[in-house]
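Attaching a single structure in structure tokens format; questions to follow.
The values are calculated or read from the model by the stated rules, or taken from the named source; none is laboratory data. As the structure is a computational prediction, the values presented were derived from the model and not from experiment. Quick reminder, even Gly has a Cβ in these numbers, built from the backbone with ideal geometry, and neighbours come from all protein chains shown.
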Amino acid sequence: MSVSVAETAFRGLSDNASAQWWDRESESTLVLSTPTAEPELWDDFIEGALRSYRKHGVERAIDPSTLVDPAATSLFLAAVDDAGHVVGGVRTQGPYREPEESHALVEWAGQDSLPLVRKMIEDRLPFGVVEVKTAWSDDRHPHSRALASVLARMPLHATFILGAKFAMATAAAHVLDRWRSSGGVVATRIPATPYPDERYETKMMWWDQAEFTRTADPQQIIATRAETRVLLPLLEDIGGLAGAVQAGV
């Protein structure tokens, strides 16, 4: 188990709240919050994400409009090292009201499978759909592999906090392979799309809050449940309790 609940702290900021806890395996402090609650941390998250995506030549995969508008991000998770530097993170959009809110429709634009992408999202909307975006980590961080496991748990935390049953993500196959550990399932019915360019085969992955334990690695299940207990106070702070109950999570 990687969570030290004893070192957990909650603090309300305006109408929002943040949670933070120490993760032993990645040796970082994890902060789950909103852009308005942690504006400076959010700025550091954006700076790190842009730097990471540029380094790998995939800055086209980031939609700048979603980063400059704090309202476009429901939650974000930032990993902070002992020196106070953000060394990785991921953000969440949603819950969605219509398929067009997902960037997946842009990524599959012009592909024969675009109608299938739209229908797959649309069919799940009544149960709640959130999307995980802009995942990154600093490869200079000595525990970047462990940090990848931490980020893979964010889809489940987002569904729990935001009252959704499903989380989705789109990414290159090698990234999604790492995220299978938390119970994500690749949508094999949808062919890969060459996004952001022909070097990549981007696929879609789904997490089901009610079913993830069937496919997740045992250690990820333990860590997810421990962190879920840490995050419980956030449900009331940001109004997610009713949605979580309705979604049966």
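What residue, of W21, W42, is aromatic (F, W, Y), at pLDDT 85 or above and either assigned to a loop (DSSP other than H, G, I, E, B) or touching a Leu at 6+ places or on another chain (Cβ under 7 Å) (or both)? Walk me through it before giving the result.
Working: W42 fails: either assigned to a loop (DSSP other than H, G, I, E, B) or touching a Leu at 6+ places or on another chain (Cβ under 7 Å) (or both).
None of the others qualify; the one that does is W21.
Considering only residues that are touching a Pro at 6+ places or on another chain (Cβ under 8 Å) and among the small types (G, A, S), look in segment 107-132 and name the one that is surrounded by the fewest Cβ atoms within 10 Å (Cβ to Cβ).
So the residue we want is S113.
Moving on. Do any helices (runs of 4 or more DSSP H) lying entirely in segment 57-140 carry at least 3 residues that are over 16 Å from W206 (Cα atoms) and not hydrophobic (A, V, I, L, M, F, W, C), and which ones are they? Show your work before the answer.
Numbers: elements: 64-68, 104-107, 114-124.
Of the helices (runs of 4 or more DSSP H) lying wholly inside segment 57-140, those with at least 3 residues that are over 16 Å from W206 (Cα atoms) and not hydrophobic (A, V, I, L, M, F, W, C) span 64-68.
Okay, moving on. Provide a single number: the residues in segment 150-201 that are of a type in the set (V, I, T) and surrounded by fewer than 24 Cβ atoms within 10 Å (Cβ to Cβ). Reasoning before the result, please.
Looking only at segment 150-201, we keep the residues that are of a type in the set (V, I, T), and these are 150, 159, 161, 170, 175, 185-186, 188, 190, 193.
Those left that are additionally surrounded by fewer than 24 Cβ atoms within 10 Å (Cβ to Cβ): 175, 185-186, 188, 190, 193.
Within segment 150-201, residues that are of a type in the set (V, I, T) and surrounded by fewer than 24 Cβ atoms within 10 Å (Cβ to Cβ) number 6.
Would you be able to tell me the number of residues in segment 148-207 that are assigned to a strand (DSSP E or B), more than 22 Å from A19 (Cβ to Cβ) and among the small types (G, A, S)?
Taking segment 148-207 as the starting set, the residues that turn out to be assigned to a strand (DSSP E or B) are 166-172, 185-186, 193, 202-207.
Subsequent filtering for residues that are more than 22 Å from A19 (Cβ to Cβ) retains 166, 168, 170-172, 185-186, 193, 202-206.
After this cut, where a residue has to be among the small types (G, A, S) as well, the list is 171-172.
Looking only at that region, the number is 2.
Please work out which residue is modelled with the lowest pLDDT, limiting yourself to segment 202-243 and to residues that are buried (at least 20 other Cβ atoms within 10 Å of the Cβ) and of a type in the set (G, A, S).
G240
For L32, are the conditions met, namely being surrounded by fewer than 21 Cβ atoms within 10 Å (Cβ to Cβ), modelled with pLDDT of 90 or more and of a type in the set (A, V, I, L, M)? Even if it seems obvious, please write down each step before you answer.
Numbers: surrounded by fewer than 21 Cβ atoms within 10 Å (Cβ to Cβ): no; modelled with pLDDT of 90 or more: yes; of a type in the set (A, V, I, L, M): yes.
No, not satisfied.
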